[in-house]
Amino acid sequence: MAAMLPAPRALLLDFGGVLADAPTQPPAPPELVARLYEVTGGAVPADRIAGDLGAGSRAYAAWRDGAGNTRSSVEVGHAQMWRDFVTAGWPPAAREAVQREASPLAYALTWRAAWAVRPGIPAALRAAVAAGLPLAVVSNTLCGAAHRDFLAQAGLADLFTAQFYSDEAGPRKPNPELARLAARAVGVPVGDCWFVGDSVQRDVVCARRAGVAAAVLMRSPRTDRERPVPEVAPDARIEDGHGLLELLNRALAG
């Protein structure tokens, strides 16, 4: 059974692995390769685009786990992502064409057709709102606009007082400033908030640094893949939104 936690005054929630989940996307989706080929006017062969997009996605992932995973991490911009991780060595005109479309292309790279709301999440979110708790998304992402659109399509966007994404706000978890920004936006001291995430390295570490009331770890495939952080542990572990609702009900009733 999950631990008894202090009742929260607000919830800060990660997006991927908490609100939504999806199968891993291939590093060079064919539809995005075709779009880049069109954007560059055919100046770069499709097979090279696919190879460079795959290599760039892996390099960006390595950056996220290295320089992008520190106390002071900030997100790379859309233009920087394409310039530094994908198009180096492309003809200048092709690079410039990609730069002009940097944000729409970042959206296309981020969007997942297979995103699905995690089990129990709608009920947990609505129960929190009914209890008077403001909600905020606190998420690392290359393009928060894609996340916003998914939540709107899922009928959940109106439940959130604020949504904070690293590409829009700047800081990226485990930089605690992203959580602090969200807490300020919902008008609740960060020390009275629960932080719900699926990563010990990013979410629980961020929560501890920010000084939240409780760090809740929701299990996802990423949770099982990441290396352990022995010196950091969540206050509670849950499997999905049903577990979050149970945890919340117990805390509010106590």
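If you take the residues in region 66-102 that are among the hydroxyl-bearing types (Ser, Thr, Tyr) and buried (at least 17 other Cβ atoms within 10 Å of the Cβ), which one is farthest from Phe164 (Cα to Cα)?
Of everything passing the filter in region 66-102, Thr87 is farthest from Phe164 (Cα to Cα).
Is there any pair with a first residue in region 139-152 that is on the phi > 0 side of the Ramachandran plot and open to solvent by 30 Å² or more (accessible area, probe 1.4 Å) and a second that is of a type in the set (A, V, I, L, M, F, W, C) and assigned to a strand (DSSP E or B) whose Cβ atoms are under 6 Å apart and which are 6 or more apart or on different chains, and what are they?
none
Taking the condition under 14 Å from Phe15 (Cα atoms), modelled with pLDDT of 95 or more and open to solvent by 10 Å² or more (accessible area, probe 1.4 Å), does Gln163 pass?
The answer is yes for Gln163.
Check region 180-188 and report whether any residue there is buried (at least 23 other Cβ atoms within 10 Å of the Cβ) and touching a strand residue (DSSP E or B) at 6+ places or on another chain (Cβ under 6 Å).
There is at least one residue in region 180-188 that is buried (at least 23 other Cβ atoms within 10 Å of the Cβ) and touching a strand residue (DSSP E or B) at 6+ places or on another chain (Cβ under 6 Å).
Looking only at region 11-25, filter to residues that are assigned to a strand (DSSP E or B) and either among the charged types (D, E, K, R) or open to solvent by 10 Å² or more (accessible area, probe 1.4 Å) (or both); which one of those is nearest to Pro176 (Cα to Cα)?
This residue is Gly16.
Tell me, which residue of region 189-218 that is part of a loop (DSSP other than H, G, I, E, B) and open to solvent by 10 Å² or more (accessible area, probe 1.4 Å) is farthest from Asn69 (Cα to Cα)?
For region 189-218, the residue satisfying everything is Pro189.
How many residues are in contact with a strand residue (DSSP E or B) (Cβ under 8 Å, 6 or more places away or on another chain) and not in a loop (DSSP other than H, G, I, E, B) when one looks only at region 224-238?
Summing the residues that are in contact with a strand residue (DSSP E or B) (Cβ under 8 Å, 6 or more places away or on another chain) and not in a loop (DSSP other than H, G, I, E, B) in region 224-238 gives 3.
Could you tell me whether Pro119 is farther than 22 Å from Ser57 by Cα, open to solvent by 50 Å² or more (accessible area, probe 1.4 Å) and either among the hydrophobic types (A, V, I, L, M, F, W, C) or in contact (Cβ under 8 Å) with a residue 12 or more places away in the chain (or both)?
It is true that Pro119 is farther than 22 Å from Ser57 by Cα, open to solvent by 50 Å² or more (accessible area, probe 1.4 Å) and either among the hydrophobic types (A, V, I, L, M, F, W, C) or in contact (Cβ under 8 Å) with a residue 12 or more places away in the chain (or both).
Could you list all residues from region 64-108 that are closer than 18 Å to Pro26 by Cα and either of a type in the set (Gly, Ala, Ser) or at pLDDT 95 or above (or both)?
Within region 64-108, Met81, Trp82, Phe85, Val86, Leu105, Ala106, Tyr107, Ala108 meet the criteria.
The values are calculated or read from the model by the stated rules, or taken from the named source; none is laboratory data. None of these values were measured; they are calculated from a predicted model. Here Cβ is always computed from backbone atoms with ideal geometry, including for glycine, and neighbour counts include all displayed protein chains. What goes into the accessible areas is simple: the full protein's heavy atoms, side chains included, and nothing from ligands, DNA or RNA. Shrake-Rupley method; radii C 1.70, N 1.55, O 1.52, S 1.80 Å.
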